[in-house]
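For reference, the structure is listed below as structure tokens.
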Amino acid sequence: MNLWTLTIASLRKRALNSLLNILLLSLGIATIVTLLLVSTQLEDNLYENAEGVDAVVGASGSPVQIILSSVFHMDAPTGNIDLEEAVKVIRHPMVERAIPLALGDNVRGFRLVGTTTEYPGRAGAELSAGSYWDYEFEVVAGSVVAEALNLQVGDTLYSAHGLSDAGHVHGDHGLMVVGILAPTGSVMDQLLLSAVETMWGIHSYEVDTYEVDTEEQDSATVSAADSDHDHTHAHEQDIDHHAQDDHAGHTHAKGRPVTDTSYLNPANLDEQITSLLIEYRNPLAAAQFPRFIMDQTNLQAAAPAIEITRLLGLLGIGLDAIQIFAYILIFASLLGIFIALLNSMKDRKYDLAIMRSLGAPRRKLFTLFTLEGITLSLAGTILGMILGHTAVWVLTGTITEAQQFQMSAFRFLPEELWLLGISLAAGLIASLIPAIQAYRTDIAETLTKT
Amino acid sequence: MKQAGMKEEVVLSLRNAVHRYDVNTEVILPDLAVKKGEHRLILGQSGTGKSTLLHILAGILKPTEGMLEISGTDLYAMKEADRDEFRGRHIGLIFQQMHLIDSISVMENLLLAAMMAGIEQDKDRAEKLCRHLDIWEKRHSLPETLSQGQKQRVSIARAVMNRPSLILADEPTSSLDDVRTEQVIAMLTEQAAEAGATLVISTHDRRLMNHFEHRTLLGGNPGQDGKPGQDGKEVHP
């Protein structure tokens with residue numbers, strides 16, 4: 001027997017009451033923990049993905065939208081820009097590096113991005129298999145895409161028009177997987193990357209002709225008119241593994257050779273891209289470059305740092321409201337613990353007098369009640385934390401956006417330790433008045449009254 | 001703390017004790033000198049100050065005036081915390097209502113006595129008491145599952161658990177029939193003898209008169225002779 005076993009026995013005796021108090025507190029704690037995990041990881045992920053990007057230049061429209069679409073690949077782009085105009089930006093003296101992005105297609109909901117190899121390099125991505133593209137229509141898959149679609153180097157994919165998994169499938173042209181990226185924990189894991197020219201090639205394939213690399217056809221000319229077979233088949237299955245392709249008679253067009261600068265060929269100047277990720281040459285550019293874009297072009301330049309802060313600010317209002325609600329829940333539960341302990345003190349007044357008559361000093365009874373308060377708040381907090389992490393785990397398993405932000409239910413934040421400490425202190429405070437009353441128990445008076 | 005010196009045999013000594021609850025309520029208590037191993041009955045009707053006397057003897061109600069010595073120790077000269085500890089180790093209390101702690105088992109109720117007194121929890125002693133008082137089968141049960149008789153036995157076992165030198169019982173038989181009364185008194189005297197303890201029973205139950213050689217009368221006639229008694233007088237059969 002010790003005070004701890006006595007505490008547990010007492011709480012067990014009032015099991016329903018104890019359980020309800022624990023549950024109420026855990027709901028408040030779970031809400032706070034979920035908000036903490038989501039908001040912290042969201043913020044971290046947003047800033048990590050935008051690292052090294054000083055500005056995004058694209059078609060005029062919402063600056064938040066262009067940041068979301070070009071940096072986080074979440075929203076639709078504001079439109080396309082002419083390469084001719086983009087080249088002026090790329091060659092601007094304040095620009096250290098400009099990475100082109102051409103969007104517009106997806107493979108089963110995973111975005112296909114026409115870009116240069118600088119793009120994955122900027123995010124610190126490394127190849128886990130294969131190599132980067134040397135030709136048009138060669139793609140490199142992010143780690144999540146490769147896992148989700150069970151891709152291997154040499155597989156062929158068919159992209160669909162649009163950014164979601166519902167568009168028209170370009171079944172008339174296969175994209176060959178030539179490389180797979182190692183996981184980065186960034187949005188890169190969720191993308192399929194290729195040369196800018198691939199995006200142009202996919203959409204102009206109907207009118208262009210390329211050499212076809214197939215075992216059944218040494219050379220072929222594929223046009224929109226005679227691509228019906230491939231097209232129909234692609235709707236049925238837009239991923240073919242190499243071995244199957246040979247039998248299916250699909251065509252893998254090996255496009256023209258490409259490099260990181262080949263898209264700037266003057267012959268392509270009538271083409272379009274979606275946006276440019278800009279890295280400034282010096283800090284002064286932050287003030288001058290956006291003015292240049294505004295004054296000298298029809299484009300817009302949006303700074304990720306500013307837009308993320310604005311976005312988080314807007315999001316923060318909603319999060320604050322939920323957080324206030326959670327704190328009200330926690331306060332209500334602590335009030336519940338206080339009332340439960342107070343009632344328990346009254347119910348057990350004679351027990352306390354008996355304990356005193358058995359030799360228990362006053363401080364022992366005080367400790368007994370504070371221990372009960374702390375035990376209830378500790379149980380509620382731990383259960384709340386488990387529920388909070390479970391909620392994030394469920395979110396990441398069911399909501400696509402949560403997956404896209406690479407949220408983890410198994411990340412533990414220092415704020416959770418604070419939450420535990422605050423909760424224990426609050427449990428102690430809630431138990432103080434009942435504990436003081438227990439401390440003041442007058443044995444003779446109590447025993448005389450019964 | 002004072003030593004009794006010559007009065008070594010006297011375990012309990014109360015002298016010149018008066019307790020005032022307020023200006024209108026004053027209880028004048030008789031002097032008592034109870035020897036080691038003695039079984040003393042304190043008899044009195046309701047309102048004669050039996051409970052006040054017992055609470056003072058137990059060290060839970062400090063008298064307004066007077067001195068109480070138990071085993072040579074001036075109980076009310078001690079600090080409250082020391083007095084609590086002394087009570088836990090040297091005095092066993094039995095109340096009219098058993099008031100066992102209902103959230104813990106019979107065995108745990110016995111061990112609780114040792115725990116609260118801050119002494120070693122002798123499980124063997126608790127088990128021995130359970131066997132001896134015929135509550136062995138119920139030792140792991142919660143008090144709510146016990147009969148009144150079983151609860152009474154647990155209450156007695158808890159009082160003697162720490163081998164006290166003084167056992168104080170407040171109205172232990174007031175709601176019992178004659179047979180149960182005989183059993184409880186037998187149990188109390190036997191356990192007191194086994195523990196080598198002095199036993200003081202405070203009651204208004206006249207049936208106990210013949211069981212005790214030493215009796216102290218409170219507040220008038222307690223007994224069988226039909227004549228008014230003298231407050232605090234020690235009577236012998």
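Rounded to the nearest 20, the size of the Cβ-charge dipole of the range B:138-219 about its Cα centre is 260 debye, with Lys and Arg at +1 and Asp and Glu at -1. Converting the Cα gyration tensor eigenvalues of chain B into ellipsoid dimensions via √(5λ) gives semi-axes, longest first, of 28, 22, 16 Å. Averaged over peptide B:46-58, the number of partner chain Cβ atoms lying within 10 Å of each residue's Cβ comes to 1. Once the Cβ-Cβ distance of A:Ala267 and A:Thr40 is raised to the sixth power relative to R0 = 51 Å, the FRET efficiency obtained is 0.60. Given R₀ = 56 Å, what would the calculated FRET efficiency be for A:Ala76 paired with B:Val23, taking r from the Cβ atoms and rounding to 0.05? Efficiency computed from Cβ-Cβ geometry: 0.05.
Using only the C-alpha atoms, the convex hull of the range A:71-155 corresponds to 130 Å³ per residue.
Long hydrophobic helices in chain A: the complete DSSP H runs spanning 30 Å or more by Cα along their own axis with mean Kyte-Doolittle hydropathy of at least 0.0 are A:15-49, A:304-347, A:362-398, A:414-439. Cross-link check: pairs A:Lys364/B:Lys123; B:Lys128/B:Lys151; A:Lys364/B:Lys62; B:Lys123/B:Lys151; A:Lys13/B:Lys138; A:Lys364/B:Lys128 evaluated at a Cα-Cα cut-off of 25 Å; pairs beyond the cut-off: A:Lys364/B:Lys128. Rounded to the nearest 20, the size of the Cβ-charge dipole of chain A about its Cα centre is 5220 debye, with Lys and Arg at +1 and Asp and Glu at -1. Farthest toward the positive end of the dipole of the protein assembly as shown, out of B:Met107, B:Ser174, A:Ile306, is the Cα of B:Ser174, where the dipole comes from beta carbon charges about the Cα centre. Net length available on complete extension from A:Glu51 to A:Glu279 is 81.1 nm, with 0.36 nm assigned per residue and the Cα-Cα distance removed. Between the Cα long axis of helix B:123-132 and the first principal axis of chain B there is an angle of about 80°, rounded to the nearest 10.
Computed with the Debye formula from one identical point scatterer per Cα of the protein assembly as shown, without solvent, the log10 of I(q)/I(0) at q = 0.06 Å⁻¹ comes to -0.59.
When chain A is described by a simple charge dipole with +1 on each Lys and Arg Cβ and -1 on each Asp and Glu Cβ, the residue from A:Gly255, A:Ala360, A:Asn265 located farthest towards its positive end is A:Ala360. Inter-chain neighbour count for A:142-150: the average number of beta-carbon atoms from partner chains within 10 Å of each residue's beta-carbon is 0.
Hey, how many Å between the Cα centroid of the range A:285-305 and the Cα centroid of the range A:380-450? Measuring centre to centre over Cα atoms gives 49 Å. Adding -39500 (n - 2.57) for every DSSP H run of four residues or longer, then dividing by how many residues chain B holds, sets the calculated 222 nm ellipticity at -9500 deg cm²/dmol. For the range A:19-70 versus the range B:46-93, the spacing of their alpha-carbon centroids is 67 Å. Rounded to the nearest 5, the antiparallel percentage of DSSP beta bridges internal to chain A is 80%.
Taken together, the values in this text are just the output of simple stated rules run on the coordinates, not laboratory data. Predicted, not measured: the structure shown is a model, and the values here were computed from it. Here Cβ is always computed from backbone atoms with ideal geometry, including for glycine, and neighbour counts include all displayed protein chains.
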